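A short write-up of the structure that comes next.
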Amino acid sequence: MIKHQEFLKFEAVLAHCEKRVPEGSLFAAMEYGFEMQFFDGHNSLSESGHILAEMLMPSA
């Protein structure tokens, strides 16, 4: 269940990033997420990414 929650958090942050880029592509969304430091070098949520996920998904 923990892996599933982590996946949902990642998806929520990625969707948030996708809304912020004009191209609307996943690649551009990931680049934006890296720039905003929501993702780390291993394509995982960083500490700030986890915080954003908690704000986006208050029940998670």
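List of remarks:
- Protection proxy ranking of 2-9, 50-57, by the mean of other Cβ atoms within 10 Å over each peptide's residues and highest first, is 50-57, 2-9.
- For Cα extents along the principal axes in Å, computed directly from the structure shown, the correct entry in [x] 32, 21, 16; [y] 51, 19, 13; [z] 79, 29, 11 is [x].
- Amide hydrogen proximity for Phe39: with H placed 1.01 Å from N in the peptide plane, the residues at 5 or more positions away or on another chain lying under 5 Å are Phe34, Ser46.
- Accessible-area composition of the chain, carbon plus sulfur, in percent [1.4 Å probe]: 60
- Degrees, to the nearest 10: 47-56 long Cα axis against longest axis of the chain: 80
- Rolling a 1.4 Å probe over the heavy atoms of the protein chains gives segment 1-44 an accessible area of 72 Å² per residue.
- Using alpha-carbon coordinates, inclination of helix 2-20 to the longest axis of the chain, degrees: 30
The values are calculated or read from the model by the stated rules, or taken from the named source; none is laboratory data. Computed from a prediction, not measured in an experiment: that's the story for all the values here. Cβ: placed from backbone, ideal geometry, glycine included. Neighbour counts: every protein chain shown. Side chains are part of the model used for accessible areas, which takes the heavy atoms of the whole protein and leaves out ligands, DNA and RNA. Shrake-Rupley method; radii C 1.70, N 1.55, O 1.52, S 1.80 Å.
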